[in-house]
Structure formats: structure tokens, C-alpha cells
Amino acid sequence: MGMRSTLGKLIRSRIRRYFLAGLAAVVPIGLTILVVRWTITFMDQLLLRFVPQRYWPEELFGFPLPGIGLLATLLLILFAGLLVTNYFGRSLLHMSERLMGQIPLVKGIFGLFRQVAHTVLSADRQGFRKVVLIEYPRRGIWSVGFVTGVSQGEVQSLTEQRMINVFMPTTPNPTSGYYILVPEVDARELDMTVEEAFKLIISGGMVAPPERCPLDRGEVKALEK
């Protein structure tokens, strides 16, 4: 009986080990395929809503062309970028922005999205390019945050120290979080990239980035104080 019990435990342990290893291998690949497939299907269906049926790939070639909606969207974005980089395109863009800014309900939504897009996508932006370590939510507890810029206006004028804007993401969903103002001297800049920090936050600390500059014992003791 003892040998059978030991053998049964060994078999169950091996099965559990193989099953978890299989999940770790299959789940990321499967979810990636599902997300890509859903994106392509959604973009194709969205494009077909604006194209007459006689111009659908099924009507022209006799078979569907998966991904044509995504390709058309990328080409449209590229064309829009090419258009707004010249004088005529910029004038047309400014005219459209002024028109959107005069609609009572739309101007608030448009202004928010425009500001976020300029902050995140602007070529000279500083936000989300720097990862910092902040003593948050209280002294002795450290959290990883993203610098989104330097505080300006009334907030900066009422403080003696130079303040920076920091976004503190939550786990496992880093798209939600908190906006805090931190004295620049209290923020410790990290060498990890933004992508590495996102992986660290989403995994709850299980996926740690490589250590590029090991801390000496004095710095470790200073962090622990």
C-alpha cells in the first residue's frame, strides 16, 4: 500500500507539473491568436460598413481577404499623417479643431482626447519615458511609477520644491491608477524601460527585469531606512 500511495502521489505530481507547464506554454499563444484574430475581424467588418457591397473582396475576387480592414486603417493613418505635415493639411486640421471646439458637448471630449494624444504620441514628449521609484502610499513602502511631466502653473507656484507628475499604476491592470505630485528630489529614477516596468506591474512582481546597475550595500541600507 505504501508503494502504491507513493507511486500515486508521484504520478499526480508529474501530471500537475506537466499540466501547469502546458498552460504556461499554450495560454499566451492562444490568447495572442484570439486577440489578433478579433482585431482583424473587427477592422474588416468596420471597413465593409463604409464600402459598397459591389466593392467587397468577396464580390471582386470571389473570396474574402482577411486583414484588409487593418491594412486600410494603417494606410489611412499614414495618409492623414502625410496630409497634416504640409501647410494645406495643417490648415485643414486647425479648421477642424476649431469647429470641434465650438460644439458644446463635443468640445470637452475632443479636448481631453486631443491633450492625451499629444502627451502620449508627441515626438518631444517626456511622459511615460521614465520609470521612477516612489515612497508611496506611505514612508517605508515603495512603488513603481511613470513620470508624465513636470508640474506647471498654480500647482508649482504654491510649492517650494520642483514637482513632477507621476502616474502610479495598479496591478494587474496598469491602465488604471493614481495621479500624484511628487518632489523631484524624492523620486529615484530606474534604469528599466517602460515596457519592462509594465511587465513587472502586470505580473505582480513575478517577472522582474534584468538588473543593469546592482546597488551596493550602502544604497540598499539607505532604501531600507
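The values are calculated or read from the model by the stated rules, or taken from the named source; none is laboratory data. Note that the structure is a prediction, hence the values are computed from the model and not measured. All Cβ positions, glycine included, derive from the backbone under ideal geometry; neighbour counts span all protein chains shown.
Summary of values
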{"quantity": "Residues satisfying the stated conditions in the range 69-119, i.e. among the polar types (S, T, N, Q) and over 25 Å from the mean Cα position of the chain (by Cα)", "calculated": "Thr85, Asn86, Ser91, Ser96, Gln102"}
{"quantity": "The range 3-29, subset surrounded by 10 or more Cβ atoms within 10 Å (Cβ to Cβ) and basic (Lys, Arg), residue farthest from Thr73 (Cα to Cα)", "calculated": "Lys9"}
{"quantity": "Residue in the range 137-149 that is on the phi > 0 side of the Ramachandran plot, modelled with pLDDT of 80 or more and surrounded by fewer than 10 Cβ atoms within 10 Å (Cβ to Cβ) present", "calculated": "yes"}
{"quantity": "Residues being among the hydrophobic types (A, V, I, L, M, F, W, C), part of a helix (DSSP H, G or I) and either exposed (fewer than 14 other Cβ atoms within 10 Å of the Cβ) or in contact (Cβ under 8 Å) with a residue 40 or more places away in the chain (or both) - total across the range 47-69", "calculated": "2"}
{"quantity": "Output for the range 30-47, where each listed residue is over 21 Å from the mean Cα position of the chain (by Cα) and either among the hydroxyl-bearing types (Ser, Thr, Tyr) or more than 15 Å from Thr73 (Cβ to Cβ) (or both)", "calculated": "Thr41"}
{"quantity": "Cross-chain or 6+ apart pairs with Cβ under 9 Å, the range 19-37 first and assigned to a helix (DSSP H, G or I), then surrounded by 10 or more Cβ atoms within 10 Å (Cβ to Cβ)", "calculated": "Arg37/Pro66"}
{"quantity": "Residue ID - modelled with the lowest pLDDT, chosen from residues in the range 172-187 that are within 22 Å of Val207 (Cβ to Cβ) and surrounded by 14 or more Cβ atoms within 10 Å (Cβ to Cβ)", "calculated": "Pro174"}
{"quantity": "Some residue of the range 189-206 being closer than 17 Å to Pro137 by Cβ, surrounded by 14 or more Cβ atoms within 10 Å (Cβ to Cβ), at pLDDT 85 or above and not small (Gly, Ala, Ser)", "calculated": "yes"}
{"quantity": "Test: residue in the range 74-94 that is outside any helix (DSSP H, G or I) and at pLDDT below 80", "calculated": "no"}
{"quantity": "Residues of the range 130-161 satisfying the condition of being among the charged types (D, E, K, R) and in contact (Cβ under 8 Å) with a residue 40 or more places away in the chain", "calculated": "Lys130, Glu135"}
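Here's the yes/no breakdown for (1) part of a helix (DSSP H, G or I); (2) under 17 Å from Leu133 (Cβ atoms):
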| position | (1), (2) |
| --- | --- |
| Val155 | yes, no |
| Thr159 | no, no |
| Pro174 | no, yes |
| Tyr178 | no, yes |
| Asp191 | no, yes |
